[in-house]
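Just so you know, all these numbers are worked out from the coordinates, no wet-lab data involved. These numbers were taken from a predicted model, which means no experiment stands behind them. Glycine also receives a Cβ, built like all others from the backbone with ideal geometry; neighbour counts cover every protein chain displayed.
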Amino acid sequence: MTPRKDLLDIASLTDEEIEFILSNAVPFKDLFKRSVKKVPTLKGRTMLTLFYEPSTRTRSSFEVAASRLSADVTHFDLDSSSVVKGESILDTVETLEAMRVDYIVVRHKQSGIPNLIAKNTAASVINAGDGWHAHPTQALLDAFTLREVFKDLRGARCLIAGDIQHSRVARSTSLLLRRLGMNVAYLAPGSLMPKGTPEEIPCFGNWTDALEWKPDVVYLLRVQSERLEEPFFPNAAEYHKYYGLTDARVQILRERGIYLMHPGPVNRGVEITDRGMDYEKSLINQQVENGIAVRMSVLYWLRPGAE
Amino acid sequence: MKRLYRNAQIASEDSPKLQTADVLVEGDRIIGVAASITDATDVEIIDCSGRVLIPSLFDIHVHAREPGQETKENIATCAEAAINGGVTGFIMMPNTLPAIDNAGVVRSVLESARGTRIGPGIFTSGAITKGRKGEELAGIAGMKNAGAVMLTDDGFPVDNPQVLRRAMEYARDFDIPLASHCEVKELSGKGSMHEGSVSYSLGLQGIPAISEEICIARDIRLAEFTGVHLNIQHVTTARGMETINRARDRGIRVTCEIAPHHLMFSHEDVGNYDTHYKMNPPLRTKEDNAALLQGLIDGWFDVIATDHAPHTPFEKNQDFASAPFGITGLETALPSLNDRFISKGLLGWDVLVKRYSAEPRRLFKLAPVPIVEGGLAEFIVFNPERYTLFTRDFMKSKSINTPFLDKAVKGLIERVIYRGKELLVR
């Protein structure tokens, strides 16, 4: 396996690399049951988080993962002033380069920013979510979680439901699950279903058709109605009624033994109800826990300075 | 002192076949074109075996960036870039800072142009609306009197159809063509590339084909209604092209441009966020490429025009959505068209001459420059077998935002003759 500097998306991973990351996450997860959850693997290394978009969950997950590997953790505070002052991203990267950090974990609202940063630094760049493009560690933790549930992912069916258009999670997770042999379908209102989806992904516009496809897992996406700049749907209540996981739909999931996933944070009352959150076959908390193990595995796998 | 271009292959708009001949130049004129000229005295002989002589090119869509954006380009560097690409005449776009939207700025840019080596070949367009804001009409008659040859808000459509209607009525009466950058802004939104499979996988907001096609249909309908000569800039979709062709068949005064990059590249070339493939309108699909090439062969496009759009490396070296639209084209057009199409037999020399030399001049009531006895000596000596490597040093434009940067293509411009003078020899 050629050493890799960056994790930017799922598309550039080889099958061997995917397997390496997922299988090594298993022993890392076993660590969590011990009283001392720390190993010295990355002692002396520094991981810096560079978040242009707030995300306490993902950032904490990376920070916990790095600490458990004994890496030093710091974050680059992007108070809006430096952005407003017109410092370009590459100016910032030059500053970070001078600090000689080993790993840069980036989140940005524009697609492709981690690629741009990776080209301009010797540090390992990990994409923690860029625009609508990719969220590779989310995809890896989703695959890891599903491998804990299903012995064999091949042939299993995952329905991803919600705002597909603006979702990097949908793009990355669907790509990875399909590469691992799963079938993936999308469910969204037509206005949130992107053009140009891969032909292999069936696209549904309502729950009836989507459930007839017989999913084993329903993966709900967060609907960020407050951040949508255009009217993609009339209002949250209508969205919930037609596209959300209502209590009646939770009941269908229960009857059919369908698992439930969500990347968090959840929008209660929009894509899911309060009672839906208590659904016994929800994997949401497992996803969070696995996120740390998978991110440890990614940090362990990457080689700063490679390529 | 005369110059004899011996044993050359002469390209013309009338035949796909090249004619082997000697071409004798004296002063600014071609004084002889014949199978063999042996009786000339006091003559410098230039062996043109294997070379194609092409009437020099004329590009009706060029961003010279002066005034206001001289870090990208200025008229002097733009003229040198043009010469480097065999282009000895072009029309500047008015999206400068300030916009070319009044007679004063028109005079100022034309004066700047006069100082270049192809001064008389450089023309300017003027904005349709003040500041290209789409609100109030610019001083159309004044600009025309000062020398503007076309009106356009290029870079933007005129959103308000009533404003466009008034502009067209006015332009018609002052007999000046009006060129449209066709796009429904609301449909394009903040899109940065064609909406399709690649925008999906890169997670970029797309610019749908309908954004361009709907505006083409609207502007044509307004042109029919007003009777203006409408020129549709940089057509990118098969559907848009068909709409224009149907309008022409109905007798509407509409002409259109095709840019070389829309023939050669598709949205798939954006690859990993390569901003050298970001332009507006965007690269479409491979099916569009093929249909547009066929359209060019079939005479559906009046002219080839590059939309030469220089930007600095700093501006282009951003994330895809933030980087500006546009690539340079003056220096790469001819060699790349040869490399991709002519050398492979996909496009005839006659189409190139007609669409990139003769017709663009006719569109603006200028005389074409065919290589004939008595004609103006204004042609290119082109070696279709040698390669051009587009390095920073090779290019004369201030900017190097081209997909061809540091790439080699088949075909090299060896000489550029303008009014009898050899402006470039290599």
Legend entry - Full-stretch length increase - A:Ser70, A:Lys281 - with 0.36 nm per residue and alpha-carbon distance subtracted: 72.6 nm
Inset, instruction - Grab the Cα-Cα distance for B:Glu224 and B:Glu70, subtract it from 0.36 nm times how many residues apart they are, and report the gain in nm with one decimal. - result: 51.6 nm
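Let me know the shape class of segment B:58-363, please: from the alpha-carbon gyration tensor, a ≥ b ≥ c as square roots of the eigenvalues, rounded when a/c is under 1.5, otherwise prolate if a/b is greater than b/c, or oblate. Don't skip to the answer; put the middle values down first.
Working: a/c = 1.25, a/b = 1.16, b/c = 1.08.
Cα axes put segment B:58-363 in the rounded bin.
Quantify how strongly other chains surround peptide A:195-202 by giving the mean number of their Cβ atoms within 10 Å of each of its Cβ atoms. Present the calculation step by step, with values, prior to reporting the outcome.
On the way: counts 8, 11, 3, 3, 1, 0, 0, 0.
That average works out to 3.
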Legend entry - Approximate spin-label separation A:Asp30-A:Tyr242, in nm, with each point projected 7 Å along Cα-to-Cβ: 5.1 nm
Inset, instruction - Considering the options B:Asn7, A:Ala161, B:Leu97, tell which one lies farthest towards the positive end of the dipole of the protein assembly as shown, charges being +1 on Lys and Arg and -1 on Asp and Glu at the Cβ, about the Cα centre. - result: A:Ala161
Inset, instruction - Measure nothing but the geometry: give the 0 to 90° angle between the long axis through the Cα atoms of B:209-226 and the longest principal axis through the Cα atoms of chain B, rounded to 10°. - result: 80 degrees
Inset, instruction - Could you point to the residue in B:Ser125, B:Leu222, B:Leu292 farthest towards the positive end of chain B's charge dipole, with +1 and -1 charges on the Cβ of Lys/Arg and Asp/Glu respectively? - result: B:Ser125
Legend entry - Those trypsin sites (Lys or Arg not before Pro) in segment A:199-307 that DSSP places in a loop and that have at most 10 other beta carbons within 10 Å: A:Arg227
Legend entry - Cα-based helix-to-principal-axis angle, B:75-84 vs chain B, degrees rounded to 10: 50 degrees
Legend entry - Reachable aspartates and glutamates from B:Lys421, criterion Cα separation under 16 angstrom, eight or more residues apart if same chain: B:Glu26, B:Asp28, B:Glu44, B:Glu80, B:Glu378
Inset, instruction - Residues in segment B:373-397, backbone N under 17 Å from the label point at B:Val43 (7 Å along the Cα-to-beta-carbon vector): list them, ranges by number please. - result: B:373-375, B:377
Inset, instruction - Using only Cα atoms, find the angle between the long axis of helix B:161-173 and the longest principal axis of chain B, and express it within 0 to 90 degrees, rounded to the nearest 10. - result: 40 degrees
Inset, instruction - With a/c under 1.5 counting as rounded, go ahead and sort segment A:153-263 into rounded, prolate or oblate using the C-alpha gyration tensor (a ≥ b ≥ c being the square roots of the eigenvalues; past the cut-off, prolate if a/b is larger than b/c, else oblate). - result: oblate
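Suppose a student asked you for the relative contact order of segment B:246-358, using Cα pairs under 8 Å spaced at least 6 residues apart; what percent would you report?
So the answer I get is 29 percent.
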Legend entry - Protection proxy ranking, peptides A:104-112, B:245-253, B:98-106, average beta carbon neighbours within 10 Å, highest first: A:104-112, B:98-106, B:245-253
Legend entry - Charge dipole magnitude, Cβ of K and R +1, D and E -1 - the protein assembly as shown, Cα centre, debye nearest 20: 1100 debye
Inset, instruction - Take the Cβ-Cβ distance between A:Val149 and B:Glu268 as r, set R0 to 35 Å, and report the resulting FRET efficiency rounded to the nearest 0.05. - result: 0.45
Inset, instruction - List the lysines whose Cα lies under 28 Å from the Cα of A:Lys281, skipping any in the same chain that are fewer than 8 positions away. - result: A:Lys29, A:Lys33, A:Lys37, A:Lys151, A:Lys214, A:Lys241
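Quick check on segment B:270-310: take the gyration tensor over C-alpha atoms, sort the square-rooted eigenvalues as a ≥ b ≥ c, and tell me if it's rounded (a/c under 1.5), prolate or oblate. Intermediate values should be presented prior to the final figure.
Details: a/c = 3.76, a/b = 1.55, b/c = 2.43.
Here segment B:270-310 falls in the oblate category.
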Inset, instruction - Only Lys, Arg, Asp and Glu count, each charged at its Cβ (+1, +1, -1, -1), so figure out the dipole size of chain A about its Cα centre, rounded to 20 debye. - result: 840 debye
Inset, instruction - Beyond 24 Å between alpha-carbons counts as too far, so tell me which of A:Lys119/B:Lys344; A:Lys119/B:Lys316; B:Lys278/B:Lys365 fall in that bin. - result: A:Lys119/B:Lys344; B:Lys278/B:Lys365
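Could you give the dipole magnitude of segment B:231-285 about its Cα centre, charging the beta-carbon of Lys and Arg +1 and that of Asp and Glu -1, in debye to the nearest 20?
Details: 7 positive and 6 negative charges, 76 e Å.
Using only the charged Cβ atoms, the result is roughly 360 debye.
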Legend entry - Bridge type composition, the protein assembly as shown - antiparallel percent by DSSP, nearest 5: 35 percent
Inset, instruction - Pull out the extension gain between B:Lys17 and B:Arg250, defined as 0.36 nm times the separation in residues minus the alpha carbon to alpha carbon distance; nm, one decimal. - result: 80.6 nm
Legend entry - Within straight-line cross-link reach of B:Lys133, aspartates and glutamates at Cα separation under 13 Å, skipping those fewer than 8 residues along the same chain: B:Asp101, B:Asp153, B:Asp154, B:Asp159
Legend entry - Pairwise FRET efficiency - A:Val39 versus A:Arg256, Cβ, R0 = 41 Å, nearest 0.05: 0.50
Inset, instruction - Could you work out how far apart the two model spin labels at B:Ser108 and A:Glu212 are, taking each label as a point 7 Å from the Cα in the direction of the beta carbon, and quote it in nm? - result: 6.7 nm
